[in-house]
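The values are calculated or read from the model by the stated rules, or taken from the named source; none is laboratory data. Since the structure is predicted, the reported quantities are computational estimates derived from the model, not experimental observations. Glycine gets a Cβ as well: all are built from the backbone with ideal geometry, and neighbour counts include every protein chain shown. Accessible surface areas use protein heavy atoms only, side chains included; no ligands, DNA or RNA. Shrake-Rupley method; radii C 1.70, N 1.55, O 1.52, S 1.80 Å.
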Amino acid sequence: MYDIIIVGGGTAGLSAAIYGVRAGRRVLILEAKNYGGQIINSPEVENYPGIRKISGMEFAKGLYEQATGLGAEFRQGQVLRVEVREKDRAVVVSGADGGEKEYKAKAVILATGARNRPLGVAREQELTGAGVSYCATCDGMFFRGRQVAVAGGGNTALEDAAFLAHYCERVYVVHRRDQFRGEERLVENLRQKENVEFVLNSVVEELLGEGMLEGVRIRDVATKEEKVLPVSGLFVAVGQMPDNDGFAGVVTLDDKGYIQAAEDCRTEAPGIFVAGDCRTKEVRQLATAAADGAVAALAACEYIG
Ligand code: NAP
């Protein structure tokens, strides 16, 4: 029996663990993959207060070592659902034998983050790993000296394009509007790079190539004109979406699938708290994920008594 089980080992979950163990609680973090969450794909983090510059991987490693060093337990496991029972909360994970395994706690913090949103173009799944990628820092090196496109107009797309520009012959940034959503500082940085080209007001219509990506057909949404970009890589960076369906029976999800809770991180289910990007909120940033972790853990401690 744990005091607190945290579902998700990203910034919110690891921050919650730090606050939980420092409050003297027995804490277990359950994570489907490895620790760190989305931030491990950011080559550079420059906006976390108190840290001038750090790689996302280094940041995540620091958080993980801090949480586990203080005594939080970390286990890999795909959480299937959470059950609210009279005396405890059960967190059910898929077992190695194909069955189910159950962990019990007095309180649960859901910190499941969000996953990459697909672009929604035909054959996207088929060509994932064969030219289509969702992680420039993971796969960028495979496209050294080649032409690639980045789809999206947020900070992730802009950072991905800057990263890819180091290795690739040409980087097209394909964005559906004429204004970027991401920070002007990042846009300006890309404007300075000779091998980066903005393809604005444009959407990817078709992925070309058999077996491997050989190009993308794009359409200008204003002029309806179409053209082919001869790229061997397409990096999709069109935001994230939550992955909370397994918890729908216990907590309320909004129309986009985020878990409803206010800044106090309390859901309407007793003993179930929520932290980070998987929560309904305005600002999804590293700093707000960490803040949620602290708030949720302290609320859970108060609930446990
Ligand atoms: P985002 O800010 O939500 O941007 C997603 C982009 O994809 C938008 O430009 C959007 O277009 C476009 N888009 C969405 N669906 C699309 C579709 N179906 N087809 C074509 N384009 C589509 O996502 P993000 O860039 O991943 O960033 C997520 C959060 O993390 C943000 O708060 C961001 O600031 C933060 N972040 C921060 C840093 C940093 O500070 N270093 C780095 C990375 C991410 P519209 O603009 O037209 O909606």
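Excluding ligands and nucleic acids, what accessible area in Å² is computed for SER133 using a 1.4 Å probe, to the nearest 10?
Rounded to the nearest 10, that gives 10 Å².
Would you please calculate the Kirkwood hydrodynamic radius of segment 1-76 over all C-alpha pairs and express it in Å, rounded to one decimal? Before the final figure, lay out the partial values.
Values: mean 1/r = 0.0805 Å⁻¹.
About 12.4 Å for segment 1-76.
Using heavy-atom solvent-accessible surface (probe 1.4 Å) with all chains present, what is the largest-first order of THR11, THR288? Could the numbers behind the result be given before it?
Numbers: THR11 15, THR288 40 Å².
Sorted descending by solvent-accessible area, the residues read THR288, THR11.
Quote the Stokes-Einstein diffusion coefficient, in whole µm² s⁻¹, for segment 158-269, based on the Kirkwood radius over alpha carbon pairs, a temperature of 25 °C and a viscosity of 0.890 mPa s.
Numbers: Rh = 16.8 Å.
Estimated via Stokes-Einstein, D reaches 146 µm²/s.
Which trypsin sites (Lys or Arg not before Pro) from segment 182-229 combine a DSSP loop assignment with at most 14 other Cβ atoms within 10 Å?
Details: sites: ARG185, ARG191, LYS193, ARG217, ARG219, LYS224, LYS227; in loops: LYS193, LYS224.
Filter output for segment 182-229: LYS193, LYS224.
For segment 247-287, just run the numbers: alpha carbon Rg, then divide by 2.2 N^0.38 Å, N being how many residues it has. All intermediate terms of the calculation are to be shown ahead of the outcome.
On the way: Rg = 9.8 Å, N = 41, 2.2 N^0.38 = 9.0 Å.
After normalising by residue count via 2.2 N^0.38 Å, the value is 1.08.
Between SER55 and GLU86, what FRET efficiency follows from the Cβ-Cβ distance if R0 is 45 Å, with the result rounded to 0.05? If you can, show how the numbers build up before the last one.
Values: r = 46 Å, r/R0 = 1.02.
Using R0 = 45 Å, I get an efficiency of 0.50.
Lone cysteines in the chain, defined as no other cysteine's Cβ under 4.7 Å from theirs: which are they?
Isolated Cys, the chain: CYS168, CYS265, CYS278, CYS301.
Kindly write out, for segment 278-286 in residue order, the coupling ³J(HN,Hα) from the Karplus curve 6.51 cos²θ - 1.76 cosθ + 1.60 (θ = phi - 60°), rounded to whole Hz, with x marking Gly and Pro.
With coefficients 6.51, -1.76 and 1.60, one gets 7, 8, 5, 6, 7, 10, 9, 9, 4 Hz.
Among ALA107, ALA149, PRO49, whose Cα projects farthest towards the positive end of the dipole of segment 48-154, with charges put on the beta-carbon of Lys, Arg (+1) and Asp, Glu (-1)?
PRO49
Taking every pair of distinct Cα atoms and averaging 1/r, then inverting, what Kirkwood hydrodynamic radius in Å comes out for segment 9-131?
Numbers: mean 1/r = 0.0610 Å⁻¹.
Radius from the Kirkwood sum: 16.4 Å.
Please identify which residues in segment 269-292 have an amide N closer than 15 Å to a label point set 7 Å out from the Cα of LYS33, following the Cα→Cβ vector.
277-278, by backbone N distance to the label point.
Please give the contour-minus-distance gain from MET212 to MET1: 0.36 nm per residue of separation, less the Cα-Cα distance, rounded to one decimal in nm.
Numbers: separation 211, 0.36 × 211 = 75.96 nm, distance 4.95 nm.
Using 0.36 nm per residue and subtracting the Cα-Cα distance, I get 71.0 nm.
Just to check I understand the Karplus step: with θ = phi - 60° and J = 6.51 cos²θ - 1.76 cosθ + 1.60, what whole-Hz values come out for segment 14-19, glycine and proline as x?
5, 5, 4, 4, 4, 5
How long are the semi-axes of the equivalent ellipsoid of segment 113-156, defined as square roots of 5 times the Cα gyration tensor eigenvalues? Whole Å, largest first.
They are 17, 14, 11 Å, listed from largest to smallest.
Order LEU298, LEU286, LEU253 by their accessible area, 1.4 angstrom probe, all chains in place, largest first. Walk me through the numbers on the way to the answer.
On the way: LEU298 90, LEU286 25, LEU253 45 Å².
Order by accessible area, largest first: LEU298, LEU253, LEU286.
What are the residues whose amide H is under 5 Å from the amide H of ILE109, where those residues sit 5 or more places off or on another chain and H is modelled from the backbone?
Under 5 Å from the amide H of ILE109: ILE5, ILE6, VAL7, PHE273.
Output wanted: per-residue J couplings in Hz (rounded whole) for segment 71-87, from phi through Karplus 6.51 cos²θ - 1.76 cosθ + 1.60, θ = phi - 60°, x for Gly and Pro.
Listing the rounded values in order: x, 6, 8, 10, 9, 7, x, 8, 6, 8, 6, 10, 10, 9, 10, 4, 9 Hz.
So if R0 is 35 Å, what FRET efficiency would ALA122 and THR252 give, r being the distance between their Cβ atoms, rounded to the nearest 0.05? Before the final figure, lay out each step's value.
Working: r = 34 Å, r/R0 = 0.97.
Efficiency for this residue pair is about 0.55.
Give me the tail of P(r) for the chain as a percent: Cα-Cα pairs with distance above 36 Å.
So the portion of pairs separated by more than 36 Å is 25 percent.
Sum up the charges of everything whose Cβ sits under 15 Å from the Cβ of GLY209, counting Lys and Arg as +1 and Asp and Glu as -1, but leave GLY209 out. Display every interim value, and only then the final one.
Numbers: positive: ARG123, ARG146, ARG217; negative: GLU124, GLU126, GLU205, GLU206, GLU210, GLU214.
Its environment carries a net charge of -3.
Please calculate the 1.4 Å probe accessible area of GLU58, with all protein chains present, and give it to the nearest 10 Å².
About 100 Å², rounded to the nearest 10.
With springs only between Cα atoms under 10 Å, which of VAL221, VAL231, VAL174 fluctuates most in a Gaussian network model of the chain?
VAL221
With a 1.4 Å probe and all protein chains in place, put HIS166, HIS175 in order of accessible area, largest first. Write out the running numbers ahead of the final one.
On the way: HIS166 135, HIS175 15 Å².
Sorted descending by solvent-accessible area, the residues read HIS166, HIS175.
Near the amide H of GLU197, under 5 Å away, which other amide H atoms are found, from residues 5 or more places off or on another chain, if H is placed in the peptide plane?
Distant-sequence amide H within range of GLU197: VAL171, TYR172, VAL173.
Set the Förster radius R0 to 35 Å, insert the Cβ-Cβ distance between ARG26 and GLU282 as r into 1/(1 + (r/R0)^6), and round the FRET efficiency to 0.05. Intermediate values should be presented prior to the final figure.
Values: r = 33 Å, r/R0 = 0.95.
So the FRET efficiency works out to roughly 0.55.
At q = 0.22 Å⁻¹, what base-10 log of I(q)/I(0) does the Debye formula yield for segment 76-116 when every alpha carbon is treated as an equal point scatterer in vacuo?
These q points yield log10 I(q)/I(0) values of -0.76.
Full-extension gain between ARG75 and ASP178, please, as 0.36 nm times their residue separation minus the C-alpha to C-alpha distance. List each step's numbers first, then the result.
Working: separation 103, 0.36 × 103 = 37.08 nm, distance 4.46 nm.
Using 0.36 nm per residue and subtracting the Cα-Cα distance, I get 32.6 nm.
Given the convex hull of the Cα atoms of segment 95-208, what is a quarter of its surface area in nm²? Don't skip to the answer; put the middle values down first.
On the way: hull surface 42.5 nm².
Approximately 10.6 nm², given one-decimal rounding.
What is the extension gain from GLU302 to HIS166, computed as 0.36 nm multiplied by their sequence separation minus the C-alpha to C-alpha distance, in nm to one decimal?
Details: separation 136, 0.36 × 136 = 48.96 nm, distance 4.92 nm.
Length gained between GLU302 and HIS166: 44.0 nm.
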